[in-house]
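Report on one structure; see the data block that follows.
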Amino acid sequence: MTIAQHKVVTIHYKVTDVDSGEVIDSSEGGAPMTYMHGAQNIIPGLEAALEGKSVGDEIEVTVAPADAYGEYSEERVQQVPIEAFQGVEKVEPGMAFTAQTEHGPVNLIVTEVEETMVTVDANHPLAGKALKFEVTIDSVRDASEEEVAHGHVHGEGGHHH
Ligand code: ZN
(Lines give C-alpha, C1' and ligand atoms only; values in the text may rest on other atoms or scores of the structure.)
Protein backbone atom coordinates (compact mmCIF):
# COMPACT_ATOMS: atom_id res chain seq x y z
CA MET A 1 0.00 0.00 0.00
CA THR A 2 1.39 3.40 -0.93
CA ILE A 3 0.84 6.72 0.79
CA ALA A 4 -2.03 8.71 -0.73
CA GLN A 5 -4.96 10.89 0.30
CA HIS A 6 -6.57 9.68 3.57
CA LYS A 7 -4.12 6.91 4.32
CA VAL A 8 -3.14 6.64 7.97
CA VAL A 9 0.64 6.61 8.09
CA THR A 10 3.01 5.78 10.95
CA ILE A 11 6.57 7.06 10.67
CA HIS A 12 9.80 7.09 12.62
CA TYR A 13 11.48 10.43 12.16
CA LYS A 14 14.38 12.70 13.01
CA VAL A 15 14.19 16.45 12.46
CA THR A 16 17.35 18.54 12.22
CA ASP A 17 17.77 22.32 12.04
CA VAL A 18 19.70 22.65 8.75
CA ASP A 19 21.63 25.78 9.82
CA SER A 20 22.76 24.71 13.28
CA GLY A 21 22.80 20.94 12.74
CA GLU A 22 20.87 20.58 16.01
CA VAL A 23 18.45 17.66 16.28
CA ILE A 24 15.10 19.28 17.10
CA ASP A 25 12.97 16.19 17.50
CA SER A 26 13.24 12.46 17.03
CA SER A 27 11.09 9.41 17.60
CA GLU A 28 14.17 7.32 18.34
CA GLY A 29 13.59 5.35 21.50
CA GLY A 30 10.00 6.57 21.65
CA ALA A 31 6.69 6.10 19.94
CA PRO A 32 6.50 6.69 16.19
CA MET A 33 4.21 9.42 14.87
CA THR A 34 0.87 8.63 13.24
CA TYR A 35 -0.88 11.08 10.93
CA MET A 36 -3.55 11.19 8.24
CA HIS A 37 -2.17 11.96 4.79
CA GLY A 38 -3.77 14.87 2.96
CA ALA A 39 -5.48 16.25 6.07
CA GLN A 40 -2.92 18.95 6.91
CA ASN A 41 -1.84 17.02 10.00
CA ILE A 42 1.84 17.59 9.19
CA ILE A 43 3.83 20.33 7.46
CA PRO A 44 3.27 20.57 3.67
CA GLY A 45 6.90 19.96 2.67
CA LEU A 46 7.08 16.66 4.53
CA GLU A 47 3.64 15.54 3.37
CA ALA A 48 4.61 16.14 -0.28
CA ALA A 49 7.81 14.10 0.15
CA LEU A 50 5.87 11.15 1.60
CA GLU A 51 3.29 10.99 -1.20
CA GLY A 52 3.53 7.68 -3.09
CA LYS A 53 6.02 6.07 -0.68
CA SER A 54 5.42 2.68 0.97
CA VAL A 55 6.24 0.72 4.12
CA GLY A 56 9.97 0.35 4.71
CA ASP A 57 10.91 3.29 2.50
CA GLU A 58 13.45 5.68 3.97
CA ILE A 59 13.41 9.27 2.86
CA GLU A 60 15.51 12.30 3.57
CA VAL A 61 14.13 15.69 2.65
CA THR A 62 15.12 19.28 3.35
CA VAL A 63 12.12 21.57 3.72
CA ALA A 64 12.32 25.35 3.28
CA PRO A 65 10.69 27.53 5.98
CA ALA A 66 7.73 28.39 3.71
CA ASP A 67 6.86 24.68 3.45
CA ALA A 68 7.58 24.04 7.13
CA TYR A 69 6.50 26.40 9.92
CA GLY A 70 6.51 29.60 7.85
CA GLU A 71 8.87 32.51 7.40
CA TYR A 72 9.80 34.52 10.47
CA SER A 73 7.64 37.66 10.53
CA GLU A 74 8.61 40.79 12.45
CA GLU A 75 4.94 41.75 12.30
CA ARG A 76 4.18 38.90 14.66
CA VAL A 77 6.39 40.48 17.33
CA GLN A 78 4.49 42.97 19.45
CA GLN A 79 4.79 45.04 22.57
CA VAL A 80 1.96 44.89 25.04
CA PRO A 81 1.50 46.71 28.34
CA ILE A 82 2.48 44.64 31.34
CA GLU A 83 -1.07 45.14 32.70
CA ALA A 84 -2.18 42.60 30.07
CA PHE A 85 -0.54 39.94 32.24
CA GLN A 86 -2.71 40.48 35.30
CA GLY A 87 -2.76 37.44 37.52
CA VAL A 88 0.70 36.29 36.42
CA GLU A 89 3.02 36.55 39.40
CA LYS A 90 6.21 37.24 37.46
CA VAL A 91 6.43 37.75 33.70
CA GLU A 92 9.72 36.41 32.38
CA PRO A 93 11.34 35.85 28.98
CA GLY A 94 10.67 32.36 27.69
CA MET A 95 7.17 32.12 29.17
CA ALA A 96 4.55 30.76 26.80
CA PHE A 97 0.99 32.05 26.73
CA THR A 98 -2.13 31.46 24.69
CA ALA A 99 -3.87 34.71 23.80
CA GLN A 100 -7.49 34.75 22.68
CA THR A 101 -7.82 36.93 19.58
CA GLU A 102 -10.56 37.61 17.05
CA HIS A 103 -8.81 35.05 14.80
CA GLY A 104 -8.82 32.36 17.51
CA PRO A 105 -6.18 31.33 20.02
CA VAL A 106 -2.57 32.35 19.32
CA ASN A 107 0.49 30.96 21.08
CA LEU A 108 2.88 33.65 22.27
CA ILE A 109 6.32 33.55 23.80
CA VAL A 110 7.59 36.38 25.99
CA THR A 111 10.94 37.53 24.62
CA GLU A 112 11.65 40.69 26.63
CA VAL A 113 10.30 42.28 29.78
CA GLU A 114 10.74 45.97 30.54
CA GLU A 115 9.27 48.08 33.31
CA THR A 116 5.91 48.72 31.71
CA MET A 117 6.05 46.81 28.42
CA VAL A 118 6.40 43.17 27.46
CA THR A 119 7.59 41.97 24.05
CA VAL A 120 5.75 38.90 22.80
CA ASP A 121 6.49 36.81 19.72
CA ALA A 122 3.68 34.96 17.96
CA ASN A 123 5.95 33.26 15.43
CA HIS A 124 6.10 29.49 15.65
CA PRO A 125 9.34 28.54 17.50
CA LEU A 126 10.52 26.90 14.25
CA ALA A 127 9.48 29.76 11.94
CA GLY A 128 12.22 30.82 9.54
CA LYS A 129 14.08 27.53 9.89
CA ALA A 130 14.91 25.09 7.09
CA LEU A 131 14.42 21.59 8.44
CA LYS A 132 15.86 18.25 7.40
CA PHE A 133 13.61 15.24 7.94
CA GLU A 134 14.90 11.67 7.96
CA VAL A 135 11.89 9.39 7.92
CA THR A 136 11.25 5.65 7.83
CA ILE A 137 7.73 4.54 6.96
CA ASP A 138 6.49 2.06 9.53
CA SER A 139 2.92 1.35 8.44
CA VAL A 140 0.23 2.53 6.03
CA ARG A 141 -3.49 1.75 6.31
CA ASP A 142 -6.82 3.09 5.08
CA ALA A 143 -8.52 5.63 7.31
CA SER A 144 -11.99 4.80 8.64
CA GLU A 145 -14.93 6.93 7.47
CA GLU A 146 -15.06 8.48 10.91
CA GLU A 147 -11.38 9.41 10.79
CA VAL A 148 -11.82 11.00 7.36
CA ALA A 149 -14.81 12.98 8.65
CA HIS A 150 -12.79 14.23 11.63
CA GLY A 151 -9.60 14.88 9.65
CA HIS A 152 -7.41 13.06 12.16
CA VAL A 153 -6.38 9.59 13.30
CA HIS A 154 -8.19 7.70 16.05
CA GLY A 155 -6.81 5.03 18.37
CA GLU A 156 -3.11 4.30 18.79
CA GLY A 157 -1.02 7.42 18.14
CA GLY A 158 -4.15 9.47 17.48
CA HIS A 159 -7.12 11.07 19.19
CA HIS A 160 -9.07 9.20 21.86
CA HIS A 161 -12.60 10.53 22.05
ZN1 ZN B 1 -11.94 12.35 15.90
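The values are calculated or read from the model by the stated rules, or taken from the named source; none is laboratory data. Bear in mind the structure is a predicted one, so any value in this text is a computation, not a measurement. Cβ sites come from the backbone with ideal geometry, for glycine too, and all protein chains shown count toward neighbours. Ligands, DNA and RNA are excluded from the accessible area calculation, which covers all protein heavy atoms including side chains. Shrake-Rupley method; radii C 1.70, N 1.55, O 1.52, S 1.80 Å.
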- When the helices in the chain are scored as -39500 (n - 2.57) per DSSP H run of 4 or longer and the sum is shared across all residues, what 222 nm value do you end up with, to the nearest 500 deg cm²/dmol? -2000 deg cm²/dmol
- Task: Would you calculate the separation in nanometres between label points at Gln5 and Gln86, each defined as 7 Å from the Cα along the Cα-to-beta-carbon direction?
- Result: 5.0
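Using the per-residue mean of other Cβ atoms lying within 10 Å as a proxy for protection, in what order, highest first, do the peptides 11-20, 128-137 fall?
The densest-packed peptide leads the list: 128-137, 11-20.
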- Note on the structure: If amide H atoms are modeled at 1.01 Å from N in the peptide plane, then the residues at a separation of 5 or more from Lys7, or on another chain, having amide H under 5 Å from its own are His37
- Projecting the Cα atoms of Leu126, Ala68, Gly151 onto the charge dipole of the chain, where Lys and Arg contribute +1 and Asp and Glu -1 at Cβ, the residue farthest towards the positive end is Gly151
- Task: For the chain, with all protein chains present and a 1.4 Å probe, just round the carbon and sulfur fraction of the accessible area to a whole percent.
- Result: 47
- Across the stretch 77-93, in residue order, what do the Karplus-derived ³J(HN,Hα) couplings come to in whole Hz, using 6.51 cos²θ - 1.76 cosθ + 1.60 with θ = phi - 60° and x for Gly and Pro? 9, 9, 9, 10, x, 5, 4, 5, 9, 4, x, 8, 4, 9, 8, 9, x
- Evaluate the relative contact order of the stretch 1-122 (contact order divided by residue number), counting alpha-carbon pairs under 8 angstrom at least 6 apart; express in whole percent. 18
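Which whole-number percent gives the relative contact order of the stretch 74-121, counting Cα pairs below 8 Å spaced six or more residues apart?
Across the stretch 74-121, relative contact order equals 43 percent.
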- Query: Of Ala84, Met117, Val106, which is farthest on the positive side of the dipole of the stretch 74-121, counting Cα position, with +1 on Lys and Arg Cβ, -1 on Asp and Glu Cβ, and the Cα centre as origin?
  - Reply: Val106
- Note on the structure: Measuring from its Cα centre, the chain shows a charge dipole (+1 at each Lys and Arg Cβ, -1 at each Asp and Glu Cβ) which, in debye to the nearest 20, is 360
- Just report the Cα centroid separation between the stretch 74-105 and the stretch 18-59, whole Å. 31
- Task: Take the alpha-carbon positions of the stretch 74-121, form their convex hull, and give its projected area averaged over all directions (one quarter of the hull surface) in nm².
- Result: 3.4
- Query: Cα atoms only, the chain: Rg and Dmax in Å?
  - Reply: 18.9, 59
- Query: Label Val148 and Glu102 with points 7 Å out from Cα along Cα→Cβ: what is the distance between them in nm?
  - Reply: 3.8
- Note on the structure: the stretch 1-159 accessible area per residue, 1.4 Å probe, protein heavy atoms, integer Å², reads 60
